[in-house]
Amino acid sequence: MKKIDIQIVKDIDTTTVYQKLSHPECGGVCVFIGAVRDNTQNEKVEALAFEAYEKMALLEMYKIAEDACLKWDLKKVILHHVQGRKQVEDPVVLVGAASAHRDACFEACRYLIDTLKERVPIWKKEFFSDKTVWVSAHP
Amino acid sequence: MMEVLLFGIAKDIVGASTLHIDPVKAKTVLELKQYISTEFPKFKTLSSLAIAVNNDYANDATLLKDDDEVAIIPPVSGG
C-alpha cells in the first residue's frame, strides 16, 4: 500500500483500517472515526446525507495528508469520507496515521480530522422528522 | 457562457446544479461572488462563500477564464 490512502466511498470499512495503517517501523497507530449521531441540539436526527465535490475533495484530502507528513514523521496516513445517505451510527469519516511513537500519530490524527472539517468541499444535510438542514450553512 | 458548478445549499438556492453566467459579468472571483449575491440574495445569508477555480480555493482577485472549472463552495460541513 502507498503511504497516503485517500478515498471517497459509499460505505466506510472500519474492519480493515489496522491492516491499512500498520507498518514495521510504527509502534503507534491512531484512528478517528466520525459517525452519525441521533440528535443535534436536542432534536432527533433521522439520517444524514453527504454531498461531495469529489474531484476537489480528493485533492484537498491529499493536501491535508501531505501537510501532516511534513509536520510529523508518519509512515502511513489514511483519509476516507462517505458520500450519500447515512443512518444513525453509520461511520461517515475515517482518518488515521501511523508513526514510530504515539505522540506523532495522536497529534496528526487530530490535525487530519480538524482540517478535513475546515477545508474539504463536502456538505452534510440533516434530516429531521419535519425539515432538512444543511449543516453550518447559516451563522 | 461560463459554467459554474453548485453544491449543497448553493444548489438549493439556485434550484439547479449548474449556473451559466455571461463571462463579462464575472471577470474575477469577487465579481462572480457579487453577481450571484445580487441575482440570488440568499447567498448573502450564508456563513461564508468561497469560489474554487480548477479544484482549488481562489482568492477574490483571481481572474476567471472561459475554460476554467469554477465552483461555488458554500460553508463546508464534512466529517
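Couple of notes before you dig in:
- Counting the residues of the stretch B:1-31 that are more than 16 Å from residue B:55 (Cα to Cα), in a helix (DSSP H, G or I), more than 14 Å from every other protein chain (Cβ to nearest Cβ) and free of Cβ contacts under 8 Å to residues at least 40 places away in the same chain gives 4.
- Within the stretch A:6-59, the set of residues being aliphatic (A, V, I, L, M) and farther than 21 Å from residue B:8 by Cα comprises A:6, A:12, A:17, A:21, A:29, A:31, A:33.
- Residues located in the stretch B:59-79, provided they are away from chain A (no Cβ under 14 Å) and surrounded by fewer than 17 Cβ atoms within 10 Å (Cβ to Cβ): B:59, B:60, B:61, B:63, B:65, B:66, B:67
- Annotation note: of A:119, A:102, the sole residue that is at pLDDT 95 or above, in contact with a helix residue (DSSP H, G or I) (Cβ under 7 Å, 6 or more places away or on another chain) and open to solvent by 60 Å² or more (accessible area, probe 1.4 Å) is A:119.
- Test: residue A:54 is touching a residue at least 60 places away in the same chain (Cβ under 8 Å) and of a type outside the set (Val, Ile, Thr): no
- Among the residues of the stretch A:46-93, the ones that are part of a strand (DSSP E or B) and among the aliphatic types (A, V, I, L, M) come to 11 in all.
- Residues in the stretch A:116-138 that are more than 7 Å from chain B (Cβ to nearest Cβ), in a strand (DSSP E or B) and under 20 Å from the mean Cα position of the chain (by Cα): A:125, A:126.
- Applying the criterion of being farther than 15 Å from residue A:3 by Cα and touching a Lys or Arg at 6+ places or on another chain (Cβ under 8 Å) to the residues of the stretch A:49-68, the residue that is surrounded by the fewest Cβ atoms within 10 Å (Cβ to Cβ) is A:49.
- Residues located in the stretch A:122-133, provided they are in contact with a Lys or Arg (Cβ under 8 Å, 6 or more places away or on another chain) and open to solvent by 40 Å² or more (accessible area, probe 1.4 Å): A:129, A:132, A:133
The values are calculated or read from the model by the stated rules, or taken from the named source; none is laboratory data. Quantities reported herein were computed from a predicted structural model and do not represent experimental measurements. Note: ideal-geometry Cβ built from the backbone for every residue, glycine included; neighbour counts use all protein chains shown. Remember, those area values only see protein heavy atoms, side chains included, never the ligands or the DNA or RNA. Shrake-Rupley method; radii C 1.70, N 1.55, O 1.52, S 1.80 Å.
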